[in-house]
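Participant: Sharing a structure below in structure tokens format, with a few things to ask.
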Amino acid sequence: SSNYEQGHKVKLAINHAREQIADYVGGGFLPNEIYFCSTGSESDNIAIQGYFKANKDCKTLITTPYEHSALNNLIPYLKEQGITVKIIPVNKNGIIDLEKYHDAVNAYNEHYEKVLVSVMLANNETGSINPVDLLSEDIKHPQLVTIHTDISQFISHGETDKYLSGVDMFSFAGHKLNLPRGIAVLGVRNTVKIEPLIYGGQQENGLIPGTENHAFIIALGNQCERLKDKKRRKEFKEHMYRGVFINRVNLGL
């Protein structure tokens with residue numbers, strides 16, 4: 001953040017980390033759409049509260065009953081602010097009911113009402129993987145729907161690229177990639193209006209003001225670069241082990 005040579009060098013390194021992280025998560029996110037904060041819960045709150053703060057004409061949140069506490073414990077506050085929270089049920093496998101979801105979204109779209117959707121990619125308790133890539137499909141007025149997903153529980157286990165193509169915002173905590181606690185990421189498309197929750201300097205384009213944790217940011221970027229080629233192999237191996245485990249359970253072994 002400082003206007004001298006050493007500060008400029010650090011800024012270049014931080015921006016390189018944005019490039020590494022954008023390349024790692026995929027989904028068409030650009031480096032300048034990557035923001036840094038401290039925790040996954042902070043990232044979730046900036047995404048959701050910041051969106052409603054910037055979009056006064058949006059009064060509805062659509063989510064599921066099995067979200068992280070960062071969202072679940074935010075719901076009472078949102079209701080106090082006049083936000084309607086629509087809970088979409090999940091099936092027996094803990095996955096969002098897409099038919100009921102699309103019915104709900106299109107019901108709001110019929111009246112040209114904006115909605116914010118927040119559904120975690122992988123559940124932290126059950127491991128169920130939600131098809132967040134399908135949340136933007138079969139919507140009558142896509143411009144009225146903004147989709148946020150927390151990918152923290154999935155970020156180290158599989159390819160996020162295919163899931164994020166239709167997503168507008170994402171969150172994840174760096175410690176899920178074996179970084180020290182204290183670094184997290186918020187991805188926000190340039191087309192999405194969002195406002196800060198706290199005010200200070202112009203770090204992170206003013207969205208998340210405060211001195212950047214440059215050591216952890218640079219370390220996270222390097223970790224994403226290092227893990228990029230390994231993630232696909234890890235996903236295949238875990239898928240194989242999962243299949244073997246399920247087969248043995250079914251056979252009573």
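Participant: Which residue, of Lys237, Lys193, is surrounded by fewer than 16 Cβ atoms within 10 Å (Cβ to Cβ), more than 15 Å from Thr160 (Cβ to Cβ) and modelled with pLDDT of 95 or more?
Facilitator: Lys193
Participant: Only one residue in Tyr112, Tyr66 is open to solvent by 40 Å² or more (accessible area, probe 1.4 Å) and either over 21 Å from Gln143 (Cα atoms) or in a helix (DSSP H, G or I) (or both). Which one?
Facilitator: One residue alone meets the criteria, Tyr66.
Residue-wise test of (1) within 17 Å of Pro65 (Cα to Cα); (2) surrounded by 14 or more Cβ atoms within 10 Å (Cβ to Cβ); (3) in contact (Cβ under 8 Å) with a residue 12 or more places away in the chain.
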{"site": "Asn91", "(1), (2), (3)": "yes, no, no"}
{"site": "Tyr108", "(1), (2), (3)": "no, yes, yes"}
{"site": "Ser128", "(1), (2), (3)": "yes, yes, yes"}
{"site": "Val145", "(1), (2), (3)": "no, yes, yes"}
{"site": "Gly166", "(1), (2), (3)": "no, yes, yes"}
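Participant: Return the pair list, or none, for Cβ contacts closer than 7 Å from residues in segment 132-143 that are farther than 12 Å from Val117 by Cα to residues that are modelled with pLDDT under 95 and assigned to a helix (DSSP H, G or I), at least 6 apart or on different chains.
Facilitator: Correct list of pairs: Asp133/Lys162; Ile139/Asn106; Ile139/Asn109; Lys140/Asn106; Lys140/Asn109; His141/Asn109.
Participant: For segment 1-21, give me each residue that is aliphatic (A, V, I, L, M) and without any contact (Cβ under 8 Å) to a residue 40 or more places away in the chain.
Facilitator: Leu12
Participant: Out of all the residues in segment 147-183, which are aromatic (Phe, Trp, Tyr) and part of a loop (DSSP other than H, G, I, E, B)?
Facilitator: Phe154
Participant: Just checking, which of Asn106, Asn124 is in a loop (DSSP other than H, G, I, E, B), out of contact with any helix residue (DSSP H, G or I) (no Cβ under 6 Å at 6 or more places or on another chain) and either under 26 Å from Glu212 (Cα atoms) or among the polar types (S, T, N, Q) (or both)?
Facilitator: Details: Asn106 fails: in a loop (DSSP other than H, G, I, E, B).
Of Asn106, Asn124, the one residue that is in a loop (DSSP other than H, G, I, E, B), out of contact with any helix residue (DSSP H, G or I) (no Cβ under 6 Å at 6 or more places or on another chain) and either under 26 Å from Glu212 (Cα atoms) or among the polar types (S, T, N, Q) (or both) is Asn124.
Participant: Got a sec? Which of Ser171, Ser152 is at pLDDT 95 or above, surrounded by 24 or more Cβ atoms within 10 Å (Cβ to Cβ), in contact with a Lys or Arg (Cβ under 8 Å, 6 or more places away or on another chain) and of a type in the set (Gly, Ala, Ser)?
Facilitator: Ser152
Participant: Then there's this: Just need a number here: residues in segment 1-32 that are touching a strand residue (DSSP E or B) at 6+ places or on another chain (Cβ under 7 Å), farther than 16 Å from Glu212 by Cα and not aliphatic (A, V, I, L, M).
Facilitator: Of the residues in that region, 1 qualify.
Participant: Looking only at segment 197-227, how many residues end up being without any contact (Cβ under 8 Å) to a residue 40 or more places away in the chain and within 21 Å of Gln49 (Cβ to Cβ)?
Facilitator: Result for segment 197-227: 6.
Participant: Condition test on Asp23, is it surrounded by fewer than 17 Cβ atoms within 10 Å (Cβ to Cβ), touching a Cys at 6+ places or on another chain (Cβ under 9 Å) and of a type in the set (Asp, Glu)?
Facilitator: Numbers: surrounded by fewer than 17 Cβ atoms within 10 Å (Cβ to Cβ): yes; touching a Cys at 6+ places or on another chain (Cβ under 9 Å): yes; of a type in the set (Asp, Glu): yes.
Yes, satisfied.
The values are calculated or read from the model by the stated rules, or taken from the named source; none is laboratory data. Here the structure is a predicted model, which is why all the values come from computation and not from measurement. Virtual Cβ from ideal backbone geometry, glycine too; neighbours counted across all protein chains shown. Heavy atoms of the whole protein, side chains included, go into the accessibility calculation; ligands, DNA and RNA do not. Shrake-Rupley method; radii C 1.70, N 1.55, O 1.52, S 1.80 Å.
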